[in-house]
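Take a look at the structure below.
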Amino acid sequence: MSVEDDPRFAEFVAERANALLRYGYALSGNPHDAADLTQEALVRLHRAWARVRRKEDPERYTKAIMARLHISAWRRRRREQLAWALPETPIEDVLPSDADQELWQALEGLPRKQRAVLVLRFYEQLHDAEIAGVLGISQGTVRSHASLGLAKLRSAIAHRTPARRSAP
């Protein structure tokens with residue numbers, strides 16, 4: 001049976017696509033990048049479906065692809081000079097809630113690896129060894145990125161909070 005004939009792939013996508021899209025949003029903080037990450041990861045999963053469905057957890061495999069794509073996209077973008085005309089009507093991304101807006105804004109300021117580690121730790125609830133496996137880095141590097149990322153988040157939120165309270 002070929003991958004195209006395997007209904008299990010279509011079932012997996014139908015069942016898990018929304019969860020993967022939310023995971024992509026947590027990684028990227030942008031619904032458009034989240035959709036791109038999800039789509040590219042599912043394309044790569046499709047190519048490896050015969051092997052993955054027999055030997056590995058397809059969702060874990062897909063999330064690992066997404067985390068790695070997110071980090072490598074950042075590397076490519078650092079070298080590119082993106083320029084485009086602004087749309088005539090503004091597009092506003094809506095964050096999950098007003099209460100979380102401060103945290104989401106602070107997350108946007110983190111380097112991609114730190115953000116990926118924090119998302120994997122707190123959103124996906126993975127342990128250091130699992131995060132290291134997903135990102136292809138050592139457990140010490142995971143702990144270092146987590147520590148640095150949390151310190152930056154605390155600092156960013158602490159700096160924003162007094163200014164927000166003093167506003168009329």
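Structure above, values below:
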quantity: Test result for ALA19, of a type in the set (Gly, Ala, Ser) and open to solvent by 30 Å² or more (accessible area, probe 1.4 Å); calculated: no
quantity: Long-range neighbours under 6 Å by Cβ, at least six apart or interchain, first residue within 18 Å of GLY24 (Cβ to Cβ) within segment 93-108, second modelled with pLDDT under 75 and in a helix (DSSP H, G or I); calculated: LEU95/GLN101
quantity: Helices (runs of 4 or more DSSP H) within segment 16-134 that include 1 or more residues modelled with pLDDT of 85 or more; calculated: 31-55, 58-79, 112-118
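The values are calculated or read from the model by the stated rules, or taken from the named source; none is laboratory data. All of these numbers come straight from a predicted model, not from anything done at the bench. No Cβ is skipped: glycine too gets one built from the backbone with ideal geometry, and neighbour counts run over all protein chains shown. Calculation scope for accessible area: heavy atoms of the full protein, side chains included, ligands and nucleic acids excluded. Shrake-Rupley method; radii C 1.70, N 1.55, O 1.52, S 1.80 Å.
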